[in-house]
1. Give me the residue from segment 305-314 that is out of contact with any Leu (no Cβ under 6 Å at 6 or more places or on another chain) and assigned to a loop (DSSP other than H, G, I, E, B) and, out of that set, surrounded by the most Cβ atoms within 10 Å (Cβ to Cβ).
2. Residue under question is Ser107, and the condition is that it be modelled with pLDDT under 85 and buried (at least 24 other Cβ atoms within 10 Å of the Cβ); does it hold?
3. Report yes if Lys153 is more than 21 Å from the chain's Cα centre (by Cα), more than 26 Å from Leu295 (Cα to Cα), in a loop (DSSP other than H, G, I, E, B) and at pLDDT below 80, otherwise no.
4. Being modelled with pLDDT of 85 or more, under 30 Å from Val45 (Cβ atoms) and small (Gly, Ala, Ser) narrows it down to one residue among Ala232, Ala202; which is it?
5. With respect to Ile78, is the statement that it is closer than 20 Å to Lys235 by Cα, at pLDDT 90 or above and among the aliphatic types (A, V, I, L, M) true?
6. Kindly check whether there is at least one residue in segment 21-33 that is touching a Leu at 6+ places or on another chain (Cβ under 7 Å), crowded, with 21+ Cβ neighbours inside 10 Å and not β-branched (Val, Ile, Thr).
7. Would you say Ser61 is more than 18 Å from Val284 (Cβ to Cβ), buried (at least 22 other Cβ atoms within 10 Å of the Cβ) and either modelled with pLDDT under 80 or of a type outside the set (Val, Ile, Thr) (or both)?
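The values are calculated or read from the model by the stated rules, or taken from the named source; none is laboratory data. Bear in mind the structure is a predicted one, so any value in this text is a computation, not a measurement. Cβ coordinates were reconstructed from backbone atoms using ideal geometry, including for glycine residues, and neighbour counts include every protein chain displayed.
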Amino acid sequence: MENLIFSLNATVPVFLMMVLGLVFRKLGWIDDVFASKMNKFVFLVPLPVLVFEDLATVDFSEVWNLKFVLFCFAATLISIGIAAAVSFLWRDKSIQGEFIQASYRSSAALLGIAFIQNIYGDAGLAPLMIIGSVPLYNVMAVVVLAFFQPERKRLDKELWKSTLKGIVTNPIIIGIAAGILWSALKIPMPPILEKTVSNVGAVATPLGLMAMGATFDIRKAFAKVRPAAAAAVMKLVGFAAVFLPLAVMLGFRREELVAILVMLGSATTVSCFVMAKNMGHEGVLTSSVVMLTTLFSAFTLTGWLYVLRSMGMV
């Protein structure tokens, strides 16, 4: 019951922030222009700062585990491949990019540290899970969203060049690179800077969620209910069912398993919607998957955790 209450406390407020954005839209306090500007702002400033903060404040020399990092990287890469293969089953090819990204991309950075801290009292191996998965999440998100744009383009030299430019100049990628570099060089973070960075990063999730709720179209969402449900099942159940037994076989336990569980089976991150909208996609399928996975992840994560605890693994 305690784990269920924790999971509900972690996920229900996220869902309610999206509902709040929808209510503000109905009241006329947020319109399309304002929601679009909120999305762009979150993409350019708070999200990169949030990722930078997660990585810059970690001493990787103390917690480094190459086997664990490589497993997180491989599981993420294979999950992306599975999602891409499934995306070709849909007749509407304009949703492929959104479907792939929403199926594999977790709230790893946001939820991972909080979840492990709640169970073990410290962040444990969450930063290493972030290193193994989050950079790949973001690089592949840029690639997928560029190649599977609604207005499909030929795979010519210009498209490859624009995709590469999109990866290099993506604000979230820059935030990850800056965070790793800051940590590697052991640059101190004065309290004034740390507080400022923390405050800026803290607005990423609430602003992004309200903007998503404000642009959520229920009629369009129901038109995409099948791919949204398929992506949600893959995100919350499918990948964890495939890779958790493998992680146990490889000897991962306690914090390692919980970090892998969060990476594989947590809700689709709100930054999926922000990136999809900022790269020319409609965003309806993404917001539907975020809502579904946010709503049900409290129960699926608790179920997975119960199974692992029953087996004495965590």
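1. That would be Met311.
2. For Ser107, the condition - modelled with pLDDT under 85 and buried (at least 24 other Cβ atoms within 10 Å of the Cβ) - is met.
3. yes
4. Ala232
5. yes
6. The answer is yes, given that some residue of segment 21-33 is touching a Leu at 6+ places or on another chain (Cβ under 7 Å), crowded, with 21+ Cβ neighbours inside 10 Å and not β-branched (Val, Ile, Thr).
7. The answer is no for Ser61.
So that you can scan it fast, the table gives a plain yes or no per residue for (1) under 17 Å from Ser87 (Cβ atoms); (2) buried (at least 21 other Cβ atoms within 10 Å of the Cβ); (3) in contact (Cβ under 8 Å) with a residue 40 or more places away in the chain:
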{"site": "Val233", "(1), (2), (3)": "yes, no, no"}
{"site": "Leu236", "(1), (2), (3)": "no, yes, yes"}
{"site": "Phe252", "(1), (2), (3)": "no, yes, yes"}
{"site": "Val262", "(1), (2), (3)": "no, yes, yes"}
{"site": "Thr268", "(1), (2), (3)": "yes, yes, yes"}
{"site": "Cys272", "(1), (2), (3)": "yes, yes, yes"}
{"site": "Phe299", "(1), (2), (3)": "no, no, yes"}
